[in-house]
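Derivation of every value follows stated rules applied to the coordinates shown; laboratory data play no part. Just so you know, these numbers come straight off a predicted model, no measurement behind them. All Cβ positions, even for glycine, are placed from backbone atoms using ideal geometry, and neighbour counts span all protein chains on display.
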Amino acid sequence: MHDDTRCLGTDDAIAASGFQSLSFPVYRGSTVVFPTVEAYQRRRENFYDGYSYGLYGTPTSRALEARIASLENGTKTLVVPSGLAAIVLTILAVAKAGDQVLIPDSVYDPVRTLSDNFLSFLGIQASYYDPLIGGRIAPLLNERVKLVLVESPGSATMEIQDMAAIAGAAQANGTLVAVDNTWATPLRFKPLERDTDFSISAISKYFAGHSDVLMGSVTVRDEALYRRLRDVSRYLGYGVSPEDCALVLRGIETLSVRLDRVEANALKIAKWLEGRPEVVKVLHPALPSHPGHAIWQRDFSGSSGLFSVILQPWTRPQLALAIEALEFFCIGASWGGTKSIVVVMDPPPVRTATRTVEQGPLLRISVGLEHVDDLLLDLEKAFGMLEPKAELFEPPIRLEI
């Protein structure tokens, strides 16, 4: 079955009392009732795959988990309150005090905050590595390293990681690998088919698709890992709203067509930006100019709508006014919804294992479903406000990332 068809979840519909709908019902409830005393006393036997208490799953959340697992080519999926919660859960499921986790220097910024503050408090050492390290990660692996986190493309600076080389080195060391696959979704890349152990997604982004849900997911093939994840999620008190699950189930039905649209829009805009004098470099893996383009071609079946642009330093004085003048691009965190979003990162994100990008402001652009010609005209007007003043002009610079 093709992924486009899997997105529609053809086996999810339920018929009850003669009523059958094409959408999955919302099952609300905290208390789960049982027919007998014995059934109640044995309720924990249903914890992993059945129903024991509303916090631990409803038919609506189980339907969503099954839909995502099918798209990921995984065995089991667990949905949790956010993408960050999914990363926290994965780390705490495999690491304890005295253990070490390896995290790419280009990681989603809240993970750096988590690692430097919370994990260290628990006695778990987080060490940052060059995302372009590939097989050279092997010397960093030892018996203390329990998990390697991969995020490709990297958050904001869009580095493409050689996941095959990293997974091979980790496998040889007996180390688990978790991939944050939010950018690609399983429609563009399937981590579990590449010798990794966890596929993580902030399903607030493309899965939900309408900027109105907070949720994350972790998918695995190994039943023991799944049970460990669900145990730790219970300890943490993780639960998700059935209403939110229904919204994500609805969003997944249009995931394929939305991705196709934002991919095409983003590529056209990225190519246009490459020709602008205000731009130092466009960071989009599908462009031949991107340093990781060859690995992206090898591993991914397509791209999505998120990419970044590094601007000339002389754009700084007028940049805020230009961005605020945009009509179709909103300013805000997150991405992956129907509407286009842009954020200014100046200074660019912190790097501790690699060189910080300091030469110019960084724009992260999430392209939405608007007509691409409207978006291009909007950007052209804004970029027209960035004309350099003689006293501020600096010659164009070259940036290697």
> Among the lysines, which fall within straight-line cross-link reach of Lys146, defined as a Cα-Cα distance under 25 Å, with same-chain neighbours fewer than 8 residues apart omitted?
Replying inline: Lys76, Lys96, Lys190
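What share of the DSSP beta bridges in the chain is antiparallel, in percent to the nearest 5? Spell out each step's value before the answer.
Working: 24 of 43 bridges.
So the antiparallel bridges amount to about 55 percent of the total.
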> With axes computed from alpha carbons, what is the tilt in degrees of helix 83-94 against the longest principal axis of the chain, rounded to the nearest 10 within 0 to 90?
Replying inline: 60
>> Please give me the summed charge of the neighbours of Ile103: other residues whose Cβ is under 9 Å from its Cβ, Lys and Arg +1, Asp and Glu -1.
In response: -1
> Which whole-percent values make up P(r) of the chain when all C-alpha to C-alpha distances are grouped in 20 Å steps starting at zero?
Replying inline: 27, 54, 18, 1, 0
> Normalised by the number of residues in the range 255-392, what is the relative contact order in percent for Cα pairs under 8 Å and 6+ residues apart?
Replying inline: 27
>> Taking loop as defined by DSSP and a crowding limit of 11 other beta carbons within 10 Å, which trypsin sites (Lys or Arg not before Pro) in the range 61-151 fit?
In response: Lys96
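Between the DSSP loop rule and a limit of at most 15 other Cβ atoms within 10 Å, which GluC sites (Glu not before Pro) in the range 135-193 are left?
Working: sites: Glu143, Glu151, Glu159, Glu193; in loops: Glu143, Glu159.
Here the GluC sites (Glu not before Pro) that fit, given the DSSP loop and packing criteria, are Glu143.
Treat every Asp and Glu Cβ in the range 3-253 as -1 and every Lys and Arg Cβ as +1, leave all other atoms uncharged, and give the resulting dipole magnitude about the Cα centre to the nearest 20 debye. List each step's numbers first, then the result.
Working: 23 positive and 29 negative charges, 124 e Å.
It comes to approximately 600 debye.
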> Relative to the longest principal Cα axis of the chain, at what angle does helix 163-173 sit, 0 to 90 degrees, rounded to 10?
Replying inline: 50
> Which of Ser201, Ser256, Ser21 comes first, and how do the rest follow, when ranked by fewest Cβ neighbours within 10 Å?
Replying inline: Ser21, Ser256, Ser201
>> Using C-alpha positions alone, give me the convex hull volume of the range 1-151 per residue in cubic angstrom.
In response: 179
> Of Glu278, Glu223, Glu253, which is the most mobile in a GNM of the chain whose springs link Cα atoms less than 10 angstrom apart?
Replying inline: Glu223
>> Two decimals, Cα atoms only, Kirkwood Rh: what is Rg/Rh over the range 255-392?
In response: 0.96
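If neighbour count is taken as other Cβ atoms inside 10 Å, put Arg351, Arg298 in order from fewest to most.
Numbers: Arg351 17, Arg298 11.
Fewest-to-most ranking of Arg351, Arg298: Arg298, Arg351.
Can you put Asp130, Asp374 in order of Cβ neighbours within 10 angstrom, beginning with the fewest? Write down the numbers at each step before the final one.
Working: Asp130 18, Asp374 12.
With the sparsest Cβ surroundings first, the list reads Asp374, Asp130.
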> Of Leu78, Leu375, Leu236, which has the largest mean-square fluctuation in a 10 Å C-alpha GNM of the chain?
Replying inline: Leu236
